[in-house]
Amino acid sequence: MIEVADLKKIYLLGNVEVAALRGVSLSIQKGEFVGIMGPSGSGKSTLLHQLGLLDTPSGGHILIDSTDVSQLDDDARTWFRLMHLGYVFQDYALVSELTVMENVAIPAIMQGKPLAECYAAATRMLEKVGLGKRLDHLVFELSGGEQQRVSIARALVNTPSIVFADEPCANLDTENSRTVLELFRDVNRELKQTIVMVSHEPWHQSYFDRIIFIRDGVMDEERIESEGKPGGPPGNETG
């Protein structure tokens, strides 16, 4: 599914080179729910952005389904993202002027599918995330947790190979965070959806199949979590 070899990312701050990633190599298998964790500034979001083709590496290779995406030009990268990948961001990234259904339908519309097909797919995904009665609502009429569920539905509407989530619970309280994590886990198990998620919260670990730890731009360690282990915040009896 994903094969990464000696991945590097160097940023220039004036005349100073800052190495955000310093030779990361890893594999992610189809159907895994993988967490990327590490201290602030460790490079975990940088790694996610490289894997999700949201940034260009300074060196190394990224293969997704045997395609060396690190060698694609800008147009090819854009098309690959649209056709194969889905994204969930911590700030939701919804269009306030559009309805919930229209927001979710955007990726399908961009693929050139008939409008009726796009809206039908959006409706199915919104029902999947528990928002089937909110189709015609505007973004400001939703809670933060509901907005994040809309963004998850949008990420899934084109049945992507991989969903990348960059700290999707960062702006949510514990209850809504748990709802989002359980939704990810359900989608992962029921649809066999591959999910790669950045998190900094220790209690999120129990939701992941596996955790990739990053420190100072390199792999710190890899740990396999017990499959099927229920998750929850400290003090929650389901955790």
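Oblate is the label for the stretch 161-214, because the ratio a/c of its alpha-carbon gyration tensor axes (a ≥ b ≥ c) is 1.5 or higher and a/b is not greater than b/c. Take every DSSP beta bridge whose two residues both sit in the stretch 61-194; close to 35 percent of them are antiparallel. So I have (i) 17.8, 54; (ii) 18.8, 61; (iii) 17.2, 51, and one of them is Rg and Dmax of the Cα atoms in Å calculated from this model. Which one is it? For Rg and Dmax of the Cα atoms in Å, the calculated option is (i).
Only helices enter this figure: runs of n ≥ 4 DSSP H residues, each worth -39500 (n - 2.57), summed and divided by the residues of the chain, yield -10000 deg cm²/dmol at 222 nm to the nearest 500.
Counting other Cβ atoms within 10 Å as a rough exposure proxy, the listed residues Ser206, Ser177 run Ser206, Ser177 from fewest neighbours to most.
What percent antiparallel are the DSSP beta bridges of the chain, to the nearest 5?
Around 55 percent of the beta bridges assigned by DSSP in the chain are antiparallel ones.
The distance separating the Cα centre of the stretch 184-212 from that of the stretch 1-34 comes to 19 Å. Across the stretch 19-114, C-alpha contacts under 8 Å between residues 6 or more apart give a mean separation that, scaled by the residue count, equals a relative contact order of 16 percent.
What residues of the stretch 123-152 lie in the reach of a label at Leu115, counting those whose backbone N is under 19 Å from a point 7 Å from the Cα along Cα→Cβ? Backbone N within reach: 123-124, 135-138.
Distant-in-sequence amide contacts of Leu7, defined by a placed amide H-H separation under 5 Å and a gap of 5 or more residues or a different chain, comprise Gly23, Val24, Ser25, His61. Taking amide H as placed 1.01 Å from N in the peptide plane, the amide H of Val163 sits under 5 Å from that of Gly86, Thr194, Ile195, Val196, each at least 5 places away or on another chain. Spherically averaged projected area of the convex hull of Cα atoms, the stretch 1-89: 6.4 nm².
Under the definition of Cα pairs under 8 Å and six or more residues apart, what whole-number percent is the relative contact order of the chain? Before the final figure, lay out the partial values.
On the way: 470 pairs, mean separation 63.9, N = 239.
RCO, the chain: 27 percent.
Using 29 Å as the Cα-Cα cut-off, could you pick out the over-long pairs in Lys8/Lys113; Lys9/Lys192; Lys44/Lys192; Lys8/Lys128; Lys133/Lys192? Checking Cα-Cα distances, Lys8/Lys113; Lys9/Lys192; Lys8/Lys128 exceed 29 Å.
Coordinate-derived values only; no laboratory data. Values in this document were obtained by computation on a predicted structure and should not be read as measured data. All Cβ positions, glycine included, derive from the backbone under ideal geometry; neighbour counts span all protein chains shown.
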